[in-house]
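First comes the structure, then the notes that go with it.
The values are calculated or read from the model by the stated rules, or taken from the named source; none is laboratory data. Predicted model, so just to flag it, every value in this text is computed and none were measured. Please note: Cβ atoms are built from the backbone with ideal geometry, for glycine as well, and neighbour counts cover all protein chains shown.
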Amino acid sequence: MLKTIKKLASFVGEYKINSILSPLLVLLEVVMECFIPAIAGELITFIQSPSKLDDLIFTKPIITAMQKSVGYDNIIPIIAVLCAILVVLALLSLMFGTLAGIHCSRASCGFAKNLRRGLYEKSQDFSFENIDKFSTSSLVTRLTTDVTNVQQSFMMIIRTAIRSPFMFVFSIIMAFIVGGKMAWIFIVVIPILAFTLIMVSKKAMPIFRKVFKKYDKLNGSIQENVAGMRVVKSFVREDYENEKFNAASDDVRNDFTRAEKILAFNNPIMQFCMYFLMVGILLVGSNLLISSGGRAFDVGNFSTLLAYGMQILMSLMMVSMIFVMTTMSLESANRICEIIDEESTIKNPANPVNEVKNGDITFENVSFKYSQKAEKYALSSINLNIKSGQTVGIIGGTGSSKSTLIQLIPRLYDVTSGRVLVGGIDVRDYDIVTLRDAVGIVLQKNVLFSGTIKENLRWGNENATDEELVRACQLSCADEFIQGFPEKYDTYIEQGGTNVSGGQKQRLCIARTLLKKPKILILDDSTSAVDTRTDAMIRKAMAEEIPDTTKIIIAQRISSVQDADVIVILDDGKINAIGNHDSLLESSEIYKEIYTSQMKGAGNDE
Amino acid sequence: MNKTVKNPRQPNMGRPMKKLKKGTFSRFLKLLFSFYKAPFIIVLICICLSAIATACPSIFQKYVIDTVSTALKEMQSGMSTGTALDTYLPPVITAVSILACIYVVGLVSAFIQTRTMAVVTQGSLHKLRTLMFGKMQKLPIKYFDTHARGDIMSHYTNDIDSLRQLISQSIPQIINTVIILCTVTVIMLSMSFWMTLVIVCGVIVMTFVTKKIGGSGAKYFRMQQESLGATEGYVEEMINGQKVVKVFNYEPKSKERFDKLNSKLCSDSTNANIRANTLMPIMNNLGHILYVFLVLIGSLLFTNGVTNVSITGTELFTIGTVVAFLGLSKQFTNNVSQLSQQSNAIIMALAGAERIFELLDEEPEVDNGYVTLVNAKYDENGQLTETNERTGIWAWKHPHSADGTVTYTRLMGDVRLNEVDFGYVEDKIVLHDVSIYAEPGQKIAFVGATGAGKTTITNLINRFYDIADGKIRYDGININKIKKDDLRRSLGVVLQDVNLFTGTVMDNIRYGKLDATDEECIAAAKRANAHSFIEMLPDGYNTMLTGSGSGLSQGQRQLISIARAAVADPPVMILDEATSSIDTRTESIVSAGMDALMQGRTVFVIAHRLSTVKNSDVIMVLDKGRIIERGSHDDLIAQKGKYYQLYTGAFELE
């Protein structure tokens, strides 16, 4: 826990001064706030019996001095001066409080900014392996909700966490000075309150933690329902879904109610303590006052003592609240630290090669598994030679590691053993940016970003001219549908590309990659949602327009790969056969099987 | 699926705050009240009691101090301590005892109030949630096609959360505050008009300052919300596209753009927080200054022996009055600042309430159908009659309102579209003059480019959308007359995007027919060729699927969804690109499953791969919303039209 706090504290950075000033100013504000009731109480005492100054601790010297100059009977000027002092104290307190508020806001917002930036930059440097480890949704939560939680706690700590304990101690001291024996009444009450607060949070916290998880699940199931609404409606399962949801929601309700019922003790107990104090002070105080003839205790002390009593209880309340808040955000802090501690598994070499000569690709005895612990290799003993400019088709069933194979080329993952060479040089020796610029890859699970089509395309090449954009889109057969949009290339793509169809999205993604003018172009099942005719046109355009680029096509359809120079058949992470369409038809059982299933198989049933 | 319905360009979060509709608050209160009448009244009474208990001690305080002061004076003029104690202590004890009793009442009501509130709050939220969820189930598919999932979800998360605040804290606190303020005012007036006047002036100044700060605070707060929305939206988008970012070496640019958003967020939230964080010290210290004024004016009144005027009459101004007023002023100002703090929370919560009402007011899917699907059997005369048992024979029960007779038509699966026109938005027709005749047991295939309108046709058959013109008949009955639930029950659907639900594999299969036995589900899985891989799963049919069925491959998930459709056993099936995300080797397994499923059913198939549709009875070639060719595979090949081109095109590229 200490480590976590230390790590997070380093993100305060340039806001250190604000972060230190803020509690200091709060301290000053509290001192002022503590003096004000004390002096006000003395003022009242003074008004009541102007001749008796023995009980006045703070104001006695001032009053004596004043009495000498204005005389003993004229008390109005003295009252005025004391009031002026009080106003000055209040103004000082106002100033300190406001400044503290400003510094605290700067510090906490700045801290959050640094934290977010740190996390974001870290996440940008993550390798695919790192990303796989944290799922994307958990990364997003850490960067948003968790940061907000930690920021809130940070603000609480530099503001209230110092204020409340200080207020507590100071008020107790003052209570003893002002009230003498009377202050013992606090010592009776405080443990009761403290005990209740601790017990309540101890009982309620685990329930809350549990119910929050359930609550997340409930929301997850709503999301599932929204996403699967077509299924729900098709199967006419609205009532069933309602029942399911009601049960889950009711479960959440019960747990929440249970926890809140426990929390409900807090307020009455706090009030009980306050009332107890009030009654006690009034009762014991009057007795003391009368029996001592006003010597042990005076009237002004009544209100002062009561004011301090309130402050003590309030600060206890605040401390318990801070305690609950920070323990809750501690989990957020831990999650954030997990990201900070994560090391990117792919790093630039010491003396990187900054040029990719050509599009040759060689796999030398490559084996790969996704994690050290995994028993099964995703790829084993892959040997493959691809010449610059060749078109290579890769086919194989799901789980045959087609995507894995090609992700080794731009070093999205590192091999477990063996080597992958691009342009004759081991990919691990290249500068990563250089390598990835040279290797264009259209991922299977591809995304477009919110922004216009133009902006999306320029991911491939920031400086591409409009003509180049259109050219790339013509190659990928995207131009035809873009021209059909009212705003053409300025059409706004929604987040996640939800306003274009799957096939359109794929074609835009291909165009985007083409704009990189890569030496190696990899299409990972990138035309699955495109119809056969367009698919064929795209392949034809590529063969004709970028003949020098090495093209690797992963596909489900035989038609997508059958005209490739080399076809690789992967099966269970191993190369099953290599050849061209004709030779494979002769030699490979798997190829023949796929071919017949796609071209003839269905027809034979008739 | 919202291919044609484009959302207007808008930031996904941080919606601009609209002016609140009038009546939202009272509607919300009415709704809450309707959930929990009695508890609400109890809470209301409790709040009143505890508020009064909090407010009145100052009266007793004043009384005690005045009594003690008198005692002290008497003692100064010679009364012995013993006599003073005897004379003045008993009334003090009586007063304090009364106070203690009031406190006990206050405590008990505070306790009842918070406990009841826990029940009321969570109960109301639960009822609200189920109300929303139930409503959502009734909405037409169009709603889901035109609303972003994130926006729908935020009703259940953000909006409900802000209402939780409103119900559990803001509303009781406001009632509490108002009652305390009223009580305190009455007490003040009963003590002294002059001093009350001072406090009222002070409070006016304080409200003015709060308004000033609060007003600009609200503006910055809104800006902060917008920046937060923009930043979080950006993070979400980039992290989701992280792999693409890496592939394009976009990291530096992405960091740069993030930095800009992040810095803006920082400055906006600093501004907003400064307003929020300085409000309290300002209010507090204004309260202190007011306190000082009270002391000053009070002591002036006291020393000058000014006659005090109050509701109870006129008397000499006492020091007890001053002390009591000091306490009262604290209470008064604290409650005023409470009120100003709550006002922001209330506005936010009401905005949430309004959004929830929008969902609740959404037009539900209308269903004027009266033809229902019933179990049927042939009686001894060979007449089709209704029965309660499951016979495996289904019939459409068609009541005729004109003569009060009922006719039964056997469910066959004959679907006909006659000159159908349709557009997702009124002025943009995407299907033109589409006619399709599917006889029972036939396999009808749709072929065409993306966006040609294939999926749209299936959306019309199960009435996710209603046609603009033309007619669709099911077993000779206009589908507008059929109850939607019964219509959909007679249609099985397997979609490209497989949606499985959290639960076991068995639960997911049983989704197709809730009263299916385990044996039936397993039999369905066997028919769909899913049985063998399910057996291989760690827990077999009891394997839990979480999220969107993670852990299973796309193909395996599709197989489960086919088994789900199989167990429902509908006479008509719609397969919308059911196999396009499955690799071809798996597809052969899946298609074998599907072929078994298609036996004896009317089937509509949409597919990219011509191999999947080749053996269909009729193939429709769609282009830009029109059927341009129709016929069997052999017919179409013979026609040498578009289909022929498509088909041979795949071979030509050798």
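A few remarks follow.
- Residue match in segment A:429-441 (condition: within 36 Å of the chain's Cα centre (by Cα) and closer than 18 Å to A:G503 by Cα): yes
- Of the set (1) over 18 Å from B:E236 (Cα atoms); (2) under 16 Å from the mean Cα position of the chain (by Cα); (3) at pLDDT below 90, all apply to A:G118 but (1).
- Identity of the residue in segment B:53-81, within 9 Å of chain A (Cβ to nearest Cβ) and free of Cβ contacts under 8 Å to residues at least 24 places away in the same chain, that ends up nearest to A:S292 (Cα to Cα): B:T81
- Across segment B:133-145, not a single residue is classified as within 16 Å of B:P364 (Cβ to Cβ), more than 8 Å from every other protein chain (Cβ to nearest Cβ), within 8 Å of the chain's Cα centre (by Cα) and assigned to a helix (DSSP H, G or I).
- When residues of segment B:246-262 are limited to those that are at the interface with another protein chain (Cβ under 7 Å from one of its Cβ atoms) and assigned to a helix (DSSP H, G or I), the one surrounded by the fewest Cβ atoms within 10 Å (Cβ to Cβ): B:D259
- Which listed residue, of A:I269, A:I222, is in contact with a Ser or Thr (Cβ under 6 Å, 6 or more places away or on another chain) and crowded, with 17+ Cβ neighbours inside 10 Å: A:I269
- Answer from A:S105, A:S137, A:S49, A:S123 - the residue that is modelled with pLDDT under 75 and within 30 Å of B:N273 (Cβ to Cβ): A:S137
- Residue count for segment B:297-354, restricted to those that are of a type in the set (S, T, N, Q), in contact with a helix residue (DSSP H, G or I) (Cβ under 6 Å, 6 or more places away or on another chain) and in a strand (DSSP E or B): 1
- Residue check for A:S367: at pLDDT 80 or above and hydroxyl-bearing (S, T, Y): yes
- Annotation note: Cβ proximity below 9 Å between a residue of segment B:96-111 that is free of Cβ contacts under 8 Å to residues at least 60 places away in the same chain and buried (at least 17 other Cβ atoms within 10 Å of the Cβ) and a residue that is of a type outside the set (K, R) and outside any helix (DSSP H, G or I) (sequence gap 6+ or interchain) occurs for B:L99/B:C56; B:I102/B:C56; B:F111/A:A264; B:F111/A:F265.
- Selection within segment A:463-497 - touching a residue at least 40 places away in the same chain (Cβ under 8 Å) and within 11 Å of chain B (Cβ to nearest Cβ): A:C477, A:Y492, A:I493, A:E494, A:Q495, A:G496, A:G497
- Within segment B:208-229, if we keep just the residues that are over 16 Å from B:L279 (Cβ atoms), crowded, with 18+ Cβ neighbours inside 10 Å and not polar (S, T, N, Q), the residue that is farthest from the other protein chains (Cβ to nearest Cβ) turns out to be B:E226.
- Cβ pairs under 7 Å, 6+ apart, first in segment B:326-339 and crowded, with 21+ Cβ neighbours inside 10 Å, second part of a helix (DSSP H, G or I) and of a type in the set (F, W, Y): B:L326/B:Y291; B:S329/B:Y291
- Residue-level check: of (1) over 15 Å from A:A204 (Cα atoms); (2) under 31 Å from the mean Cα position of the chain (by Cα); (3) surrounded by fewer than 19 Cβ atoms within 10 Å (Cβ to Cβ), A:R258 misses just (1).
- Options A:R533, A:R507: the member that is more than 18 Å from A:Q407 (Cα to Cα), assigned to a helix (DSSP H, G or I) and either in contact with a Gly (Cβ under 6 Å, 6 or more places away or on another chain) or at the interface with another protein chain (Cβ under 9 Å from one of its Cβ atoms) (or both): A:R533
- Exactly one residue out of B:S329, B:S337 is at pLDDT 80 or above and among the hydroxyl-bearing types (S, T, Y), and it is B:S329.
- Cross-chain or 6+ apart pairs with Cβ under 6 Å, segment A:319-333 first and in the same structural domain as A:I190 (by TED's automatic domain parsing) and farther than 19 Å from A:K210 by Cβ, then not charged (D, E, K, R) and not in a helix (DSSP H, G or I): none
- A:D524 fulfils the conditions (1) on the phi < 0 side of the Ramachandran plot; (2) at the interface with another protein chain (Cβ under 9 Å from one of its Cβ atoms) except for a single criterion, (2).
- Matching residues, segment B:228-264, being over 30 Å from A:L435 (Cβ atoms) and within 23 Å of the chain's Cα centre (by Cα): B:L228, B:G229, B:A230, B:T231, B:E232, B:G233
- Where a residue in segment A:426-452 is free of Cβ contacts under 8 Å to residues at least 12 places away in the same chain and surrounded by fewer than 18 Cβ atoms within 10 Å (Cβ to Cβ) and its partner, wherever it lies, is charged (D, E, K, R) and outside any strand (DSSP E or B), with Cβ under 8 Å and at least six apart: A:K445/B:K243
- All conditions but one from (1) buried (at least 17 other Cβ atoms within 10 Å of the Cβ); (2) over 27 Å from the mean Cα position of the chain (by Cα) apply to A:I131; the one that does not is (2).
- Qualifying residues in segment A:556-599 (those that are within 13 Å of A:V392 (Cβ to Cβ) and of a type in the set (G, A, S)) - the one farthest from the other protein chains (Cβ to nearest Cβ): A:G579
- Filter pass, A:K244 being of a type in the set (D, E, K, R), facing another protein chain (nearest Cβ under 7 Å) and surrounded by fewer than 21 Cβ atoms within 10 Å (Cβ to Cβ): no
- Only one entry in B:G404, B:G392, B:G441 is touching a residue at least 24 places away in the same chain (Cβ under 8 Å) and part of a loop (DSSP other than H, G, I, E, B), namely B:G441.
- Any hit, segment B:470-487, residues being within 14 Å of chain A (Cβ to nearest Cβ) and of a type in the set (A, V, I, L, M): yes
- From the list A:V211, A:V236, the lone residue that is of a type in the set (V, I, T), over 30 Å from B:R115 (Cβ atoms) and crowded, with 17+ Cβ neighbours inside 10 Å is A:V236.
- Scanning segment B:555-588 for residues that are part of a helix (DSSP H, G or I) and modelled with pLDDT under 70 returns B:T584, B:R585, B:T586, B:E587, B:S588.
- Number of the condition not met by A:V178 [criteria: (1) among the hydrophobic types (A, V, I, L, M, F, W, C); (2) at pLDDT 75 or above; (3) crowded, with 18+ Cβ neighbours inside 10 Å]: (2)
- Where helices (runs of 4 or more DSSP H) sit wholly within segment A:382-486, those with at least 2 residues that are aliphatic (A, V, I, L, M) occupy A:402-407, A:432-438, A:453-457, A:466-475.
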